[in-house]
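Enquirer: Handing you this structure, nothing more for now.
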Amino acid sequence: MTGYELIKLFQQASKRYHLIGTTENGVLAGLDLEGRLFTIIDGEVVSRVNSEAILGITDRAAYLNPGGDGLWPAPEGTCLGYEYAAGDWRVPPGLTAAKYKVIEDDETHVLIEAEVDLINASGLGIATIFRRDVTICGSMAVKVIESIEYIGTKKLSRKECLLTPWSLAQFDCCPGCEVIFPEVDASEVWDMYDPSNDRRFVKDGFWHAETDGKARYQIGLGAKVPWIELQLPSKNLQVRRTAAPLVSGQDYIDIIDAPPTDLSGDKGVRYSVYTDTDGFMEIEAAAGCPEIFESGTIMSVEILTEYL
């Protein structure tokens, strides 16, 4: 899909968008589509695009996953997660219905934000502001400062609330598609759900995780992993994501999609890799979580995505 075709799709759906850069090299932010970011290089959209989600409306019957790069709240599951407030898994309506607005912009930068009210699986309402501060760096890199600000009036502890920004960049799977990252101790790499030992290995100083769409799995990666890189041979493209170190006083948390009866685990996730048999995959990065939430507490992480 070209950048021009993506804009026409948003116009057909009567959904607001904001373009920084150009339709040849730029980033389109879906202001009425969860604030999703779609990267365009040499006229082509390199992010995954789900036209059905742009043209349609998500409801509790079905979640239409737009593609692009999304900002979600983590954790996904457990008793303090945000996908089980109504019992069954669903993306929070506060997120899918969010209306982002442009706060600052110029030719290579935009700051967008939306008020998003969340409810965790324990029934606690959490008022927040989601912000995405996007800068195009040259022609082949995008820096995004992802943040969630707690604006509730009640002081909360981690026993009541876990919350951190979680960036999920989606791409179409293809033969030979894999994610690599520097070799670290095996304790820094783990399966979040089904075993994936037959899909990942170490070679020449790098971990390799096959993400060609032949199996569904997700791996969590710990704080010692410096970056992750998606190899897309069909597009002659490598996509490297680097998340800056956490701010003082915040720690990585378990973002796992566990039942709402479960407590949160102790495996802190800096990055994760998800691959699905429906033909798409995600390279994900997460921020940290404080011990105490007070009005004005901000969870934030700077993520640089390079297209090589």
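Enquirer: Among rounded, prolate and oblate, which fits the chain when a ≥ b ≥ c are the square roots of the eigenvalues of its C-alpha gyration tensor, a/c under 1.5 means rounded, and a/b larger than b/c means prolate?
Expert: Values: a/c = 1.43, a/b = 1.07, b/c = 1.34.
Cα axes put the chain in the rounded bin.
Enquirer: Using a cut-off of 28 Å between alpha-carbon atoms, which lysines can reach LYS143, once sequence neighbours fewer than 8 places away in the same chain are excluded?
Expert: Cα-Cα hits under 28 Å: LYS8, LYS15, LYS99, LYS101, LYS224, LYS235, LYS267.
Enquirer: Can you tell me the dipole magnitude for region 250-308 around its Cα centre, using point charges on the Cβ only (Lys, Arg +1; Asp, Glu -1), in Debye to the nearest 20? Intermediate values should be presented prior to the final figure.
Expert: Values: 2 positive and 13 negative charges, 21 e Å.
Dipole about the Cα centre, nearest 20: 100 debye.
Enquirer: Another one. Show me the ranking of peptides 118-125, 195-202, 46-53 by mean Cβ neighbours inside 10 Å, starting with the highest. The partial results should precede the final answer.
Expert: On the way: 118-125: 16.6, 195-202: 13.1, 46-53: 18.4.
Top to bottom by mean Cβ count within 10 Å: 46-53, 118-125, 195-202.
Enquirer: Rounded to two decimals, what is the ratio between the C-alpha radius of gyration of region 235-278 and 2.2 N^0.38 Å? Don't jump to the answer; show the numbers that get you there.
Expert: Values: Rg = 14.7 Å, N = 44, 2.2 N^0.38 = 9.3 Å.
Normalised Cα radius of gyration, region 235-278: 1.59.
Enquirer: Separate question: What does the charge dipole of the chain about its Cα centre add up to, to the nearest 20 debye, if the Cβ of each Lys and Arg holds +1 and the Cβ of each Asp and Glu holds -1?
Expert: Values: 27 positive and 48 negative charges, 76 e Å.
For the chain, the charge dipole is close to 360 debye.
Enquirer: Continuing with the same structure: Connecting C-alpha atoms closer than 10 Å in a GNM of the chain, tell me which of ILE41, ILE253, ILE57 has the biggest fluctuation.
Expert: It is ILE57.
Enquirer: Specify the inter-centroid distance of region 1-76 and region 165-224, based on alpha-carbon positions, in whole Å.
Expert: Each part reduced to its Cα centre gives a spacing of 25 Å.
Enquirer: In deg cm²/dmol and to the nearest 500, what is the mean residue ellipticity at 222 nm of the chain if only DSSP H runs of at least 4 residues count, each as -39500 (n - 2.57), divided by the residue total?
Expert: -1500 deg cm²/dmol
Enquirer: Right, something else. Test of understanding: in a Gaussian network model of the chain with alpha carbons linked when under 10 Å, which of ASP204, ASP59, ASP88 would top the mean-square fluctuation ranking?
Expert: Its mean-square fluctuation being the largest, the pick is ASP204.
Enquirer: Considering only VAL273, PRO260, GLN231, whose Cα is most displaced toward the positive end of the charge dipole of region 202-308, charges sitting on Cβ of Lys, Arg (+1) and Asp, Glu (-1)?
Expert: Positive-end residue among those listed: GLN231.
Enquirer: List the aspartates and glutamates whose alpha-carbon lies under 15 Å from that of LYS154, not counting same-chain residues fewer than 8 positions away?
Expert: Those aspartates and glutamates meeting the cut-off are ASP117, GLU291, GLU294.
Enquirer: Where in region 83-152 are there trypsin sites (Lys or Arg not before Pro) that are in a DSSP coil and have at most 16 other Cβ atoms within 10 angstrom of their Cβ?
Expert: Working: sites: ARG90, LYS99, LYS101, ARG131, ARG132, LYS143; in loops: ARG90, LYS99.
Hits after loop and neighbour filter: LYS99.
Enquirer: I would also like to ask the following. Let a ≥ b ≥ c be the square roots of the eigenvalues of the Cα gyration tensor of region 1-130; is it rounded (a/c under 1.5), or, if not, prolate (a/b larger than b/c) or oblate? Write out the running numbers ahead of the final one.
Expert: Numbers: a/c = 2.42, a/b = 1.75, b/c = 1.38.
Prolate shape, in that a/c is at least 1.5 and a/b is the bigger ratio.
Enquirer: Mind checking the dipole of region 10-112: about its Cα centre, +1 per Lys or Arg Cβ, -1 per Asp or Glu Cβ, Debye to the nearest 20?
Expert: Numbers: 8 positive and 15 negative charges, 88 e Å.
The dipole magnitude comes to about 420 debye.
Enquirer: Tell me the GluC sites (Glu not before Pro) within region 105-159 that lie in a loop according to DSSP and have at most 14 other beta-carbon atoms within 10 Å. Don't skip to the answer; put the middle values down first.
Expert: On the way: sites: GLU107, GLU113, GLU115, GLU146, GLU149; in loops: GLU107.
In loop regions of region 105-159 (DSSP not H, G, I, E or B), the sparsely surrounded GluC sites (Glu not before Pro) are GLU107.
Enquirer: Run through all the Cα pairs of region 127-182 and give the fraction in each 10 Å bin from 0, expressed as whole percent.
Expert: In whole percents, the pair-distance histogram is 15, 32, 29, 18, 6, 0.
Enquirer: For SER14 and TRP190, what is the calculated FRET efficiency with R₀ set at 45 Å and r taken between the beta-carbons, to the nearest 0.05? Kindly include the intermediate steps, with their values, before the conclusion.
Expert: On the way: r = 43 Å, r/R0 = 0.97.
So the FRET efficiency works out to roughly 0.55.
Enquirer: Pop a pseudo-label 7 angstrom from the Cα along the beta-carbon direction at both SER248 and VAL102 and give the gap in nm to one decimal.
Expert: Those two pseudo-labels are separated by 3.8 nm.
Quick note: the coordinates plus some simple rules give every number you see, no bench work behind them. Predicted, not measured: the structure shown is a model, and the values here were computed from it. Note that each Cβ is placed from the backbone with ideal geometry, even for glycine, and that neighbours are counted across all protein chains shown.
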